[in-house]
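The values are calculated or read from the model by the stated rules, or taken from the named source; none is laboratory data. No experiment lies behind these values; they were computed from the predicted model shown. Because the Cβ atoms are built from the backbone with ideal geometry, glycine has one as well, and the counts that use them run over all protein chains shown. In case anyone asks, the SASA skips ligands and DNA or RNA and just uses the protein heavy atoms, side chains included. Shrake-Rupley method; radii C 1.70, N 1.55, O 1.52, S 1.80 Å.
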Amino acid sequence: MTALHPGAETTLRHQYVGRSVKRREDRRFLTGTGRFTEDIVLTGMLHAAVVRSPFPHATITGIDTSHALAAPGVVAVYTAADFSEEEAGPIVTDWVLPIMDGIPDRYMMARDRVHYVGEPVAVVIAETRALADDAALLVDVDYEGLPVVVDAEQAVQDDAPLVHDRYLQNTSYVWHLGTGDFDEVAAGAEHVFQIRLINQRVHASSLEARVSLADYSPGTDSLTFYLGTQNVHVVRRNLALILNMPEHHIRVVTPAVGGGFGSKLCVYPEDVIVCAASRRLRRPVRWVETRSEHFTGTSGGRDHIEYVTLAADATGKIHAIRVTTYANLGAYVSGMGAGIPSVSGMMFPGCYDIGMADVNIHGVFTNTSTTETYRGAGRPEAAYLIERAIDELAVELGIDRIELRRRNFIRPDQFPYENACGMTYDSGDYEACMDKALQLVGWDERLREIAELRTQGRIVGIGIGVYVEFCGFAEGPLLELIGFDRNSWEQSVVSVSRLGKVTVQVGIDAAGQGHETSIAQIVASELGLDIDDVEVTQGDTDTVHFGTGTFNSRSMSSAGSAAKIAARKVRCKATEIAAHLLEADSGDVVFEDGIFHVRGVPPAAGGLTYTFEEISRIAFRGNDLPAGMEPSLKELGTFDPPKFTAPFGAHVALVEIDPDTGEVSILRYVAVDDCGNMINPQLVAGQVHGGVAQGIGQSLYENLIWDDEGQPATTSFMHYAVPKAHQMPVLEIDHTITPSPINELGVKGIGESGAIGPPPAIANAVMDALRPMGVRHVDMPFTPAKVWAALQDAAR
């Protein structure tokens, strides 16, 4: 890492880090001038409509495309048989656990069998989208139905139908984490408590559905691919492997994404279809996903069935935890889908000092669409599990739930702390964070109010969820060991024009997080420049050399740190040039208010000075530089995080249930999160608000459902409920600040946190309300029908 000369003195005119600078991205999105993939129209562009399987599991016995081919405006109709393995091979996955029993080949279109409703079996290419959609109805596919299984726990039974008959079972892997003998610890424990939990499948439901546009140029054998993705460089690499093309012949460009939340991290069959079709037809081809396709084809998240057992002594101290998880992978292994359940496994002990863990995670195939990362990706599942178990254990032991948490929290002096599943937390103070949340909501006063309201017959309750997660995707050797096929480091290039304006290249891809603003804040602060003099570029493999993408709240800790390092290198070089021109030692040069001068001879005293812009021009001219120095101001910064960061927080929900309808209303919601230092508090607040909305959605409304025959029951927003504006409570948010020692920005990450706290907080509040009514357990989502039925059952 380049550092300034030890004697150098720097007073920067503009310090933006830590300030709520307005998002520079908002203007184009709020005025409707943002450019999405669907806004791109290329000369000679064709349109694709995908023919999909209506069967969850079936053999394809024949496909007749003749009628579709004869339809008006149709240019081509393709099936899997039309493409060789060299033209379009199996879709690449990014996370293959070393213990997996193979990966079933997934092609852009089904070859002999279909394995879920919505799997592509053919594609129609036509001059307009309407003509393609009409002709797609004319493709005649014959199927022979096969047995179906959609429940992960049922799929592991010996008599379950096989999703892929090339394997002897539906279990792709069983991943074990933890050390020690749980049974031995449990035998000596005063209390052993078990609960079964369902973390249902939910859907990203992004504002912009997926859109893919491929443009092949035969003259250069190159492919330009426009896609709303969170990782252009990984998409390029994977397409190169799938299409058997040189990676440097593929350009991936991401316009505005319109919401990602993890669902736009992987390569989908439709992406390969348009690329292969464009290369075959030598014309641009675009596919636009319908909302019903979005629900059946785009990967969902969560979908875990979990059994958790806690072994505790008479004081409530938890000594061991055992978890068995049945994680639904869907019919295939998506990009990072296989690894997400293992992420949960590493975080099951949560914020608690539990000495022993025994975790077994079953990754299971079913006849449903695939699962992938979804905001939080594994950490919400883990936090929900341990926080629900803690609350139920408190009831079992007759110990106050807040006191039980205090007795088990990891103490601040124990950090860095390695939990019983092998994950290390960098820093934290969970009790202080919880206390702040309790103070904000007025916990003791709320308890008294609840007691009074219950005497009036009202069904009210309060709940808390305390969580810890990990971010920053670090420790490259560890990631490689567990089969994660991406790097953990990030790089940034900071270039200064001859007029002193700055361009920053970063390998992260924005999907609403405000990267253009926050990265500019970091660089402008490091260089002492006005933030309007800093431009941030991302999302184009031709203009940004390398990147790993946006996920796991790694953007600021990895790319932000890299940008800071690159900017510092630029400042150091500029200081060396100024020292040379001022005929002084670099340690005697002061950079103050954007001006270089010799210490003790300030501009006011008539001393010789150089502005940053003047130094930039001189650096480009290259005629009067220190010996051996290369012209221009352009530096590369890299940052390889040595460890993960561990954000944490405490969320509190106060709810009321309508006894006549079962509807759950959130009366108050308090969120206290700790993401380390904040680059832009306003952006942090926005991330928390959006995440909490999705967490509330999972808690109360959202559930992606297939019936026992494998037919999807939630294929539109008429059937899949997301929170409406009037259903959102006023969010009371605050923070504690525990800087991370892992990076010099001291940041931890905030993009996931809002989605992690709500499910346990709301679930514990709902159960606190229902428990006096005789209800012992209800799984998410707490829909009116489900809660009303539980009340009726308890009454009977």
Notebook entry, point to check: Can you work out ³J(HN,Hα) from phi for every residue in the stretch 707-720, in order, using Karplus 6.51 cos²θ - 1.76 cosθ + 1.60 and θ = phi - 60°, giving whole Hz and x for Gly and Pro?
Noted result: 7, 5, 8, x, 8, x, 9, 10, 10, 7, 6, 6, 10, 10
Check: With the dipole of the stretch 546-659 worked out from charges on the C-beta (+1 for Lys and Arg, -1 for Asp and Glu) around the Cα centre, which of A650, F591, G547 lies farthest toward the positive end?
Finding: G547
Next item on the list: Starting from the Cα of R129, step 7 Å along the direction of its Cβ; do the same at A604; then give the gap between the two resulting points in nm.
Entry: 6.3 nm
Next item on the list: For the chain, divide the Cα radius of gyration by the Kirkwood radius and give the resulting Rg/Rh value with two decimals.
Entry: 1.00
Margin query: Expected output is a single nm value to one decimal: the length gained when fully extending between R621 and H726, i.e. 0.36 nm times separation in residues minus the C-alpha distance. What is it?
Written below: 31.8 nm
Item checked: Magnitude of the charge dipole, the stretch 302-428, Cβ model with Lys/Arg +1 and Asp/Glu -1, debye to 20 -> 120 debye
Notebook entry, point to check: So if R0 is 60 Å, what FRET efficiency would D142 and D585 give, r being the distance between their Cβ atoms, rounded to the nearest 0.05?
Noted result: 0.10
Check: Whose amide H sits under 5 Å from the amide H of D734, counting only residues 5 or more places off or on another chain, with H placed in the peptide plane?
Finding: A671, V672, D673
Note to self: Students often get this wrong: which residues of the stretch 525-551 have the backbone nitrogen under 19 Å from the point 7 angstrom along Cα-to-C-beta of L499?
What the structure shows: 529-537
Next item on the list: Let me have the relative contact order for the stretch 659-796, percent, based on Cα pairs under 8 Å that are six or more residues apart.
Entry: 42 percent
Checklist line | Pairs from K436/K564; K634/K748; K264/K573; K317/K436; K264/K501 whose Cα-Cα separation, in the structure shown, is over 30 Å | finding: K436/K564; K264/K573; K264/K501
Notebook entry, point to check: Got a sec? Charge dipole of the chain, +1 on Cβ for Lys and Arg, -1 for Asp and Glu; which of P603, V664, V359 is way out at the positive end?
Noted result: P603
Notebook entry, point to check: Which FRET efficiency, nearest 0.05, do D444 and D658 yield, Cβ-Cβ r, R0 22 Å?
Noted result: 0.25
Item checked: Charge-dipole axis of the chain as Lys and Arg at +1 and Asp and Glu at -1 on Cβ define it, positive-most pick from S616, H319, V504 -> S616
Next item on the list: Report the extension gain between H67 and E403 in nm, rounded to one decimal, defined as 0.36 nm multiplied by the number of residues separating them, less their alpha carbon distance.
Entry: 113.9 nm
Notebook entry, point to check: For the chain, what's the relative contact order in percent, using C-alpha pairs closer than 8 Å and at least 6 residues apart?
Noted result: 17 percent
Note to self: Within the stretch 227-326, what whole-number % of the accessible surface is contributed by carbon and sulfur, with the 1.4 Å probe and all protein chains included in the calculation?
What the structure shows: 51 percent
Next item on the list: Using a 10 Å cut-off on Cβ atoms, rank the peptides 665-673, 336-344 from the highest mean neighbour count down.
Entry: 336-344, 665-673
Notebook entry, point to check: So if we plug the beta-carbon distance of L636 and D532 into 1/(1 + (r/R0)^6) with R0 = 35 Å, what FRET efficiency do we get, rounded to 0.05?
Noted result: 0.90
Next item on the list: Based on the mean of other Cβ atoms within 10 Å per residue, sort peptides 345-351, 743-749 so the most packed one is first.
Entry: 345-351, 743-749
Check: So what's the net charge close to D358: Lys and Arg +1, Asp and Glu -1, counting the other residues with Cβ under 15 Å from its Cβ?
Finding: -3
Checklist line | Residues in the stretch 146-175 reached by a label modelled at I103 [backbone nitrogen below 20 Å; 7 Å Cα→Cβ] | finding: 163-175
Item checked: Net charge of Cβ neighbours under 11 Å - reference R52; Lys, Arg +1; Asp, Glu -1 -> -3
Check: Hey, any idea what % of the stretch 357-475's accessible area is carbon plus sulfur with a 1.4 Å probe?
Finding: 44 percent
Notebook entry, point to check: With the other protein chains left in place, how much accessible area per residue, in square angstrom, belongs to the chain at a 1.4 angstrom probe?
Noted result: 36 Å²
Check: Just how large is the dipole of the stretch 99-173 about the Cα centre, in debye to the nearest 20, putting +1 at every Lys and Arg Cβ and -1 at every Asp and Glu Cβ?
Finding: 260 debye
Item checked: Distance between modelled label sites at M773 and H249, nm, 7 Å Cα→Cβ extension -> 6.4 nm
Note to self: Could you work out what % of the accessible surface of the stretch 594-678 is carbon and sulfur, using a 1.4 angstrom probe and leaving DNA, RNA and ligands out of the count?
What the structure shows: 50 percent
Checklist line | Label-to-label distance, nm, for residues given as T31 and V395 (7 Å Cα→Cβ offset) | finding: 5.5 nm
Next item on the list: Please work out the Kirkwood hydrodynamic radius for the stretch 438-558, using every pair of different C-alpha atoms, and report it in angstroms with one decimal place.
Entry: 18.3 Å
Next item on the list: Report the normalised scattering of the stretch 535-667 as log10 I(q)/I(0) at q = 0.22 Å⁻¹, calculated by the Debye formula with identical scatterers on the alpha carbons.
Entry: -1.23
Note to self: Charges at C-beta only: +1 for Lys and Arg, -1 for Asp and Glu. How large is the resulting dipole of the stretch 491-647 about its Cα centre, in Debye rounded to 20?
What the structure shows: 340 debye
